[in-house]
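A short reminder: the numbers here are calculations on the coordinates, not readings from a lab. Just so we're clear, the structure is a prediction, and the values are computed from it rather than from any experiment. Quick reminder, even Gly has a Cβ in these numbers, built from the backbone with ideal geometry, and neighbours come from all protein chains shown.
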Amino acid sequence: MLAGALSELEGFSPVTADRTLHIGSRNLDTDEQEQLAAAGVDVIPGGETDASAKGRLARSLEALRVTCDEVHLHLDMDAHDADFGRANDWATSGGLDAIETCVRSSSCSSAAT
């Protein structure tokens with residue numbers, strides 16, 4: 001609904017789902033999971049740090065690199081692990097730590113160039 005209203009603003013174009021990578025999510029309810037899946041958003045949940053997850057992240061970033069000239073990185077502060085630092089009441093354990101955030105941001109930056 002909001003995207004429809006914003007698309008009427010001069011010079012604005014919403015980011016399409018095929019150009020969206022949702023990294024570090026956790027505690028998504030069923031409705032949120034279904035909406036992201038239905039929209040075609042690529043979701044890599046938080047806490048996935050094994051080789052398979054890293055490979056999936058690399059493949060997703062490569063796909064974006066091929067189709068996108070620019071990358072907009074938005075980081076919700078509650079994506080950080082609450083044990084590392086609590087940004088707000090929504091932060092929970094199992095989120096990104098400082099090193100993971102830097103590595104993933106760097107991977108995103110490297111893939112975009």
### Task
List every residue pair whose Cβ atoms lie under 9 Å apart, where the two residues are 6 or more positions apart in sequence or sit on different chains, the first residue falls within the stretch 33-46 and is in contact (Cβ under 8 Å) with a residue 24 or more places away in the chain and on the phi < 0 side of the Ramachandran plot, and the second residue, located anywhere, is in a strand (DSSP E or B) and of a type outside the set (A, V, I, L, M).
Val41/His22; Gly46/Gly24; Gly46/Ser25
### Query
Looking only at residues in the stretch 19-74 that are small (Gly, Ala, Ser) and touching a strand residue (DSSP E or B) at 6+ places or on another chain (Cβ under 9 Å), which one is surrounded by the fewest Cβ atoms within 10 Å (Cβ to Cβ)?
Ala37
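For the stretch 55-76, which residues satisfy the criterion of being over 12 Å from the mean Cα position of the chain (by Cα) and either within 16 Å of Val43 (Cα to Cα) or not polar (S, T, N, Q) (or both)? Outline the logic, then answer.
So in the stretch 55-76, the residues over 12 Å from the mean Cα position of the chain (by Cα) come out as 55-56, 58-59, 62-70.
Scanning the stretch 55-76 gives Gly55, Arg56, Ala58, Arg59, Glu62, Ala63, Leu64, Arg65, Val66, Cys68, Asp69, Glu70.
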